[in-house]
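Student: Got a structure here, written out as C-alpha cells. Questions coming.
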Amino acid sequence: MRERLDGAAREQEDNSKWLSLIRQYADIKELDREMLHLLIKEIAVHEDMAEGKRNTTVEIHFHFMKQGSQLTVKS
C-alpha cells in the first residue's frame, strides 16, 4: 500500500513539473535546443520496408511522463 502511495505521489509531482514546463512554452513559435532538452527525453526513428514501400515511425518520449507515455507518428 505504501509503495502505491509513493508511486502516486511521484507521478503527481512529475505531472506538476510537466505542466509547469508546458505553461512556460505555451506560445512558442519554434522549438529551440533548450526547450527540446527540457521537454523531450528521447526521439527514436524506425524505418522498415513493406510491400516495396518505406515506412517510417517516429517515437517521441517526454520527460516527466509515466513510462510508456509517448507520441508516435507513422508515415
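Every number in this text was worked out from the coordinates using simple rules, so none of it is lab data. Bear in mind that the values here come from a model prediction, so they are computed numbers and not experimental data. Cβ: placed from backbone, ideal geometry, glycine included. Neighbour counts: every protein chain shown.
Student: Cα to Cα, under 20 Å, and not fewer than 8 places away if on the same chain: which aspartates and glutamates meet these conditions relative to K74?
Tutor: E42, E47, D48, E51, E59
Student: Also, I was wondering about something else. In nm, give the distance between the simple-model label positions of R33 and E47, each being 7 Å from the Cα along the Cα-to-Cβ direction.
Tutor: It works out to 2.6 nm between the two label points.
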